[in-house]
Amino acid sequence: MSRFFSELYASAQPYTPGEQPRDRSYVKLNTNENPFPPSTEALSYTTVKTFLRPLNLYSDPESQELREALANSLGVAPENVLPGNGSDEILNFAFMAFCSPSRGVAFPDVTYGFYAVLAGLYGIDTKLVPLREDFSVGAEDYFGLGRTIFLANPNAPTGLALPAEEIGRVAGANPDNVVVVDEAYVDFGGESCVPLTQRYNNLLVVQTFSKSRSMAGARLGFAVGDAALIADLNRIKYAVNPYNVNSMTAAMGIATLNDPDYTLTNCAAIVTARLYLTSQLRARDFEVLESSANFVFAKSPDFGGEALYAGLKEKGVLVRHFAKPERIADYVRISVGTREQLDALLAAIDTLREELP
Ligand SMILES: *Cc1c(COP(=O)(O)O)cnc(C)c1O
């Protein structure tokens, strides 16, 4: 940190993204990217001609066509939707809009690391709510906390999901606070809370094109909720980054929404591959949590989490390991890739086991 760095943010602990090494080619199962390419609609010349705004002009600060396409696909009104530069930007807006020195935040002790990063950045008082013994989120643990609540559903890195009705109970039990549900992985088997946003005006749903729609590099996410909540997020957006969604990404987003079968087919393939991976790991005596996402969280009977991560990396397979908190240190998170990638992972695990003394 230079002597010029603002004391406002000196306590920030930056997010550590999954490694993207270039020293050799890896079977990359560490960042929950989708192994399939984006919809060909999204990449086609027709899309460029039809939906791309001329690039000498600024992108539409209202993202109007994209908002309408999102609203149509979700069954809500355009004023209930706000697109962002990835859902991470939306989460940042939500922290800025709904957390403050007088309104703290609560989220699980094991969840998406970015919530703690944002809370640290803005110095927000944080209550970490422990997951239950079985790693599930207990809805009652969030009743009447008097704080803004962030829940990933399905949760990361566990992959466990709550029924939407349980999230609805959390929203109902916190009528004076916003409940943010991060549905980054919902298309792989979770139940979306979008319909519940019509019933609870304090419920904000956040989704992304990064995982189920194969667009991580295009950076597109969005929030869905009561028009007043969306207006609040817009106040922040116009203070921080008015042209937050670039024209190319907006065009790709619209085209992708026009090709829903492609997304559904890919998600189904990933669910099939997830079931295969889960059964193959269990056949090797791994403990595998019941995932509703495009990754599994698994514990080996033969290796600690750190050792398995390091051994697999040496064999050219990348998975993600979290050293903290301690209760997850013996697990690794494995993204569900193609069948070929998963077979390479399983072969590497078998080699590591054969090499044991
Ligand atoms: C990947 C992920 C995000 C971030 O998605 P972007 O849209 O790429 O910014 C948000 N929340 C969770 C839980 C994620 O796993």
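Per-residue ellipticity at 222 nm, computed for the chain from helices alone with -39500 (n - 2.57) per DSSP H run of at least four residues, works out to -11000 deg cm²/dmol. The separation of region 64-88 from region 277-343, counted between C-alpha centres, amounts to 35 Å. Taking the longest Cα principal axis of the chain as reference, the axis of helix 87-98 is set at about 60 degrees. For region 84-161, just say rounded, prolate or oblate: build the C-alpha gyration tensor, square-root its eigenvalues into a ≥ b ≥ c, call rounded for a/c under 1.5, and beyond that prolate if a/b exceeds b/c, oblate if not. Taking the square roots of the gyration eigenvalues as a ≥ b ≥ c, region 84-161 is oblate.
Diagonalising the gyration tensor over the Cα atoms of region 292-343 and scaling each eigenvalue by 5 before taking the square root yields semi-axes of 18, 14, 9 Å, largest first. Extension gain for the segment S6 to A228, taken as residue separation times 0.36 nm less the Cα-Cα distance, is 76.7 nm to one decimal. With each label modelled as a point 7 angstrom along the Cα→C-beta vector, the R169-R132 pair spans 0.9 nm. Were the residues from R284 through N72 laid out at 0.36 nm apart, the gain over their Cα-Cα distance would be 71.8 nm.
A straight Cα-to-Cα reach below 26 Å connects K237 with the lysines K211, residues fewer than 8 places away in its own chain not being considered. With a cut-off of 18 Å, note down the residues of region 293-314 whose backbone N falls inside the zone around a label point 7 Å from the Cα of A347 toward its beta carbon. The answer is 311-314, whose backbone nitrogens lie closer than 18 Å to the label point. Between the alpha-carbon centers of region 196-253 and region 106-163, tell me the distance in whole angstrom. Taking the Cα centre of region 106-163 as reference, the centre of region 196-253 is 20 Å away. The angle between the Cα long axis of helix 339-354 and the longest principal axis of the Cα atoms of the chain comes to about 40 degrees, rounded to the nearest 10. Shown here for region 89-152: trypsin sites (Lys or Arg not before Pro) in loop regions (DSSP other than H, G, I, E, B) with at most 15 other Cβ atoms within 10 Å, namely R132.
Once the Cβ-Cβ distance of Q198 and L264 is raised to the sixth power relative to R0 = 25 Å, the FRET efficiency obtained is 0.60. Here the contact order of the chain, divided by its residue count and restricted to Cα pairs under 8 Å and six or more residues apart, works out to 23 percent.
Read-outs: derived from the displayed coordinates by stated rules, not from any lab. Just so we're clear, the structure is a prediction, and the values are computed from it rather than from any experiment. Cβ atoms come from the backbone with ideal geometry, glycine included; neighbour counts cover every protein chain shown.
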